[in-house]
Amino acid sequence: WRAGTRGVARRGGAAHSGAMAALLRGKSGFLQIVAAFSLLSMILTIGYMYKVLGHLHQEQKAMRMQLQQLHGHVGLDMEMGQTAVEPEQVAGHGRSSEKNIRGEIVASPVPRRMGIYSVGTTAGVGCFLVNEPAGGTVQIDVSGSNCATNVCPDCFITPATSTKDFTLTIQQCTTALWISSARTGIWVYTFINGGTHKITVEDATSTVQFVLEGSTFVQAWCGSAGYMSTANRMAFPATRLPTLSVDNGITMTAGNFDASASPGTFLTSVGTNTLSGDVTISGAKTFTTGTGTVSIKGATTLDDGANLAVGTTTGNTATVTLYGATTIGDAAAGKTFTLYGDLTQSDSGSVSAFSTGTGAVSINGATTFASGKNVALTGASTFTTGTGAVTLAGNTAITSSNTFSTGTGAVTILGDTTIATGKAFTVGAAGNTGAIRLYGPTTIADTTSPKSLNLFGSFAQTDGTPGTGQTFTTGTGTVTLAGAVTLASGKDLTMAGASTFTTGTGAVTINGPTAISGANTFATGTGAVTLQGSTAVSAGSSFIVGDGTAGTPQSTVNIYGDMQIGSNTAALKYSTVNLYGNFAQLDGLVPTVGTFSTATGAVSINGDTTMATGKDIIFSGVSTIGGGSFSIAGTDISLTGPTTVTGVNSFTIASYTNAIDCTGASGQAHGAYCIATR
């Protein structure tokens with residue numbers, strides 16, 4: 001068909017080329033135009049035909065790929081006119097038949113190739129290659145183009161080079177895609193393990209799994225809705241058989257072996273049978289061994305109420321040998337061991353011991369210890385004798401941290417007694433009222449290793465023979481008296497040498513006169529000091545407030561009462577007040593106005609003196625102002641007595657306007673009361 005088409009195209013092209021040449025040889029321009037137009041139309045028609053043929057070829061190729069996916073055949077090459085799709089059996093014939101593209105059933109020229117599949121992940125393969133996953137599971141949804149973006153075939157194979165076990169999960173098989181739409185009916189999937197590791201195949205429900213060992217396969221059926229009891233459930237081969245005979249061996253990797261519904265017996269082989277798990281014999285069933293030796297290598301427990309009997313009659317002579325430790329009962333439920341006969345214990349290579357529980361042990365017969373054997377009590381055991389005298393003929397040692405306790409009678413220790421290093425000597429207990437009497441000198445430790453004496457209670461020291469005063473002497477270390485200390489009346493606290501006396505932070509009360517001897521000083525803290533009685537500074541001593549250092553803040557002296565410096569009596573000396581600094585006198589509370597009064601002696605004011613506004617200088621009696629200049633500033637100046645300017649001194653009135661007013665009685669001549677001379 002293709003060759004015929006190409007021939008037609010070649011013959012048509014040649015004819016049109018000749019026509020074009022004839023038209024070109026013609027003389028008419030119109031005919032040349034018509035011929036050119038016709039030639040162009042033919043060329044376009046031929047190009048369109050080639051384009052249609054190309055599309056047909058692409059569709060044919062796509063159909064061939066779909067047919068390869070349908071059959072999974074290798075080398076299936078279909079051209080136009082060859083057979084395709086859905087092999088069927090021609091009715092009444094054993095030959096293979098197929099449908100051509102016109103839907104006609106024709107006999108297949110060759111027998112259909114079954115069981116031959118191409119392998120890979122590309123489109124058209126018959127068996128899809130499932131590569132090993134990075135994790136533990138590969139999930140494939142067959143309802144879409146999910147096999148490397150292609151429609152999934154019915155066969156899946158794992159590579160021979162897989163390096164681990166993994167799980168292959170087939171999802172949505174009920175709506176599996178077939179070419180371009182969901183399948184209907186039922187169909188079979190084939191799973192092949194091409195490697196050596198185990199592959200677990202399961203459906204989307206994860207309730208049915210099939211494990212493929214290396215180089216094995218399995219087939220599982222799936223169906224569209226309505227054909228299987230559960231959607232997306234695959235039907236694997238049946239596992240129930242009427243009778244199973246195995247020539248070589250059976251290996252189970254999971255699941256249970258359950259023969260409980262069978263009334264038959266379970267007979268093993270004559271070789272060694274190993275039960276790797278726990279074995280339980282249910283109900284009242286028994287366990288009977290043969291006459292051979294039975295070895296029980298693990299711990300064996302009998303249920304409550306069950307007995308262990310050796311032999312079946314009282315005259316049984318069988319021997320019971322216990323090579324390991326034997327325990328009867330336990331700490332929560334002790335049991336009795338009854339022996340009808342003698343008990344003999346013998347050494348066997350090493351010295352054997354005999355040990356009882358912590359309860360009372362009654363030995364009803366006389367007991368004799370072999371020569372050289374001892375009675376040793378361990379743990380919290382006690383040793384109790386009768387009421388007779390007990391004599392310990394040898395040295396007696398109480399080991400470890402065990403104690404020695406006597407009765408309430410007097411205990412006499414006739415020899416020297418030494419308490420071991422690190423051990424305590426305790427008399428009585430808390431609340432004990434017993435007395436300790438030490439009639440000899442008592443020494444605690446020595447000079448090379450001094451120790452402390454801790455007294456929890458009162459300490460009382462009394463004199464010995466009347467008239468003999470006892471002393472109390474400490475070492476040179478610090479002595480701490482944690483409680484209140486009282487000195488008896490007439491007793492002194494004397495500190496020798498350069499000792500210091502330090503009190504606590506509480507109030508200190510000195511009830512008697514206190515004297516600081518010699519050149520010693522008395523210094524207080526930075527808190528306020530209150531002297532509640534009269535305070536006298538002895539003659540020749542100074543009273544200093546602050547340190548006088550320039551540039552540092554100095555203290556303030558507040559005197560709230562009258563202050564007297566010196567005295568006017570013959571027996572006492574008057575004193576001088578020297579002030580290095582300013583003198584400020586302030587009024588007290590209104591209406592109290594402070595005054596300043598001096599003695600009758602001369603008063604020297606060495607600096608300028610300024611009177612506050614409205615304040616006067618009043619001279620009583622006959623007063624003299626001499627030496628230096630004297631200036632008066634103000635509005636009204638009154639000279640109430642005779643005023644004389646002596647010697648060569650002058651009285652100057654500065655420039656003025658009515659600065660001097662001469663006043664007197666009405667009608668009196670001016671010269672009688674206002675005289676100014678030069």
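The values are calculated or read from the model by the stated rules, or taken from the named source; none is laboratory data. Predicted, not measured: the structure shown is a model, and the values here were computed from it. Here the Cβ is made from the backbone with ideal geometry for all residues, glycine too, and neighbour counts use every protein chain on show. When the accessible area is computed, the model is the full protein with side chains, heavy atoms only, and any ligands, DNA or RNA have been set aside. Shrake-Rupley method; radii C 1.70, N 1.55, O 1.52, S 1.80 Å.
Protein-only accessible surface at a 1.4 angstrom probe places the residues Ser489, Ser41 in the order Ser489, Ser41, largest first.
Each of Val577 and Val411 was given a label point 7 Å from its Cα along the Cα-to-Cβ line. The distance between the two points is 8.4 nm.
For the range 112-151, the percent of C-alpha pairs falling in each 10 Å distance bin, counted from 0 to the bin holding the largest distance, reads 27, 47, 23, 3, 0.
What share of Cα pairs, in percent, lie more than 16 angstrom apart in the range 426-469? Intermediate values should be presented prior to the final figure.
Numbers: 580 of 946 pairs.
The share of Cα pairs beyond 16 Å in the range 426-469 comes to 61 percent.
Site pair Ile625 and Phe217 shows an inter-label distance of 14.8 nm when each label is modelled 7 Å from Cα along Cα→Cβ. Rounded to two decimals, the Cα-based Rg/Rh of the range 522-570, with Kirkwood Rh, is 0.99. When the Cα atoms of the range 165-312 are aligned to their principal axes, the ranges along those axes come out at 82, 33, 29 Å in descending order. At q = 0.22 Å⁻¹, what log₁₀ I(q)/I(0) does the range 298-374 have when each alpha carbon counts as one equal point scatterer in the Debye sum? Those come out to -1.60, one per q.
With R₀ set to 22 Å, the beta-carbon distance separating Asn131 from Ser206 gives a calculated FRET efficiency near 0.50.
Under 5 Å between amide hydrogens, built in the peptide plane, is the criterion, and for Leu168 it picks out Val138, Thr200, Val201, Glu202 among residues at least 5 positions away or on other chains.
Counting heavy atoms of the protein chains alone, Glu213 has an accessible area of about 80 Å² for a 1.4 Å probe.
Return one whole number: the accessible area per residue of the range 338-452 in Å², for a 1.4 Å probe. List each step's numbers first, then the result.
Details: 11550 Å² over 115 residues.
Here the residues of the range 338-452 average 100 Å² of exposed surface.
Per-residue 3J(HN,Hα) values for the range 262-275, derived from phi via the Karplus relation 6.51 cos²θ - 1.76 cosθ + 1.60 with θ = phi - 60°, read 8, x, x, 9, 10, 10, 8, 6, 7, x, 5, 10, 10, 9 Hz in sequence order (x marks Gly and Pro).
Among 194-200, 599-605, 30-36, 542-548, how do they line up by average Cβ neighbours within 10 Å per residue, starting with the highest?
Values: 194-200: 18.3, 599-605: 6.1, 30-36: 12.9, 542-548: 8.3.
Averaged packing, sorted descending, gives the order 194-200, 30-36, 542-548, 599-605.
With kT/(6 pi eta Rh) evaluated at 25 °C and eta = 0.890 mPa s, and Rh the Kirkwood radius from Cα pairs, the range 391-453 diffuses with a coefficient of 159 µm²/s according to Stokes-Einstein. Surface listing: Asp154, Asp463, Asp342, Asp562 arranged by accessible area from highest to lowest gives Asp562, Asp342, Asp463, Asp154, probe 1.4 Å. Each residue of the range 503-520 was assigned a 3J(HN,Hα) from its phi angle through the Karplus curve 6.51 cos²θ - 1.76 cosθ + 1.60 (θ = phi - 60°); the sequence is 9, x, 8, x, 5, 10, 10, 10, 7, x, x, 10, 10, 9, 7, x, 8, 5 Hz, with glycine and proline shown as x.
Using a Förster distance of 41 Å, how high is the FRET efficiency between Val648 and Leu586, based on the Cβ-Cβ distance and rounded to 0.05?
Efficiency, rounded to the nearest 0.05: 0.45.
Once the C-beta distance of Ile516 and Thr356 is scaled by a Förster radius of 56 Å, the resulting FRET efficiency is 0.10 to the nearest 0.05. Going by accessible surface with a 1.4 Å probe and the largest first, Tyr340, Tyr50 read Tyr340, Tyr50. Distance between the pseudo-spin-label points of Val270 and Thr569 (7 Å out from Cα toward the beta carbon): 14.8 nm.
Contour minus end-to-end for Thr465 and Asp304, with contour as 0.36 nm per residue of separation and end-to-end as the Cα-Cα distance? Write down the numbers at each step before the final one.
Working: separation 161, 0.36 × 161 = 57.96 nm, distance 8.16 nm.
So the chain would gain 49.8 nm between Thr465 and Asp304.
For the range 153-227, the convex hull spanned by the alpha carbon atoms encloses 84 Å³ per residue.
Within a Cβ distance under 15 Å of Asp203, other residues only, what is the Lys/Arg minus Asp/Glu net charge? Could the numbers behind the result be given before it?
Numbers: positive: Arg233; negative: Asp141, Asp154, Glu202.
In short, -2.
The largest-to-smallest principal axis extents of the Cα set in the range 329-443 are 66, 37, 32 Å. Report the normalised scattering of the range 504-622 as log10 I(q)/I(0) at q = 0.09, 0.14, 0.21 Å⁻¹, calculated by the Debye formula with identical scatterers on the alpha carbons. Debye output, listed in q order: -0.48, -1.06, -1.75.
Of the whole protein surface, Lys335 contributes about 140 Å² of accessible area at a 1.4 Å probe radius.
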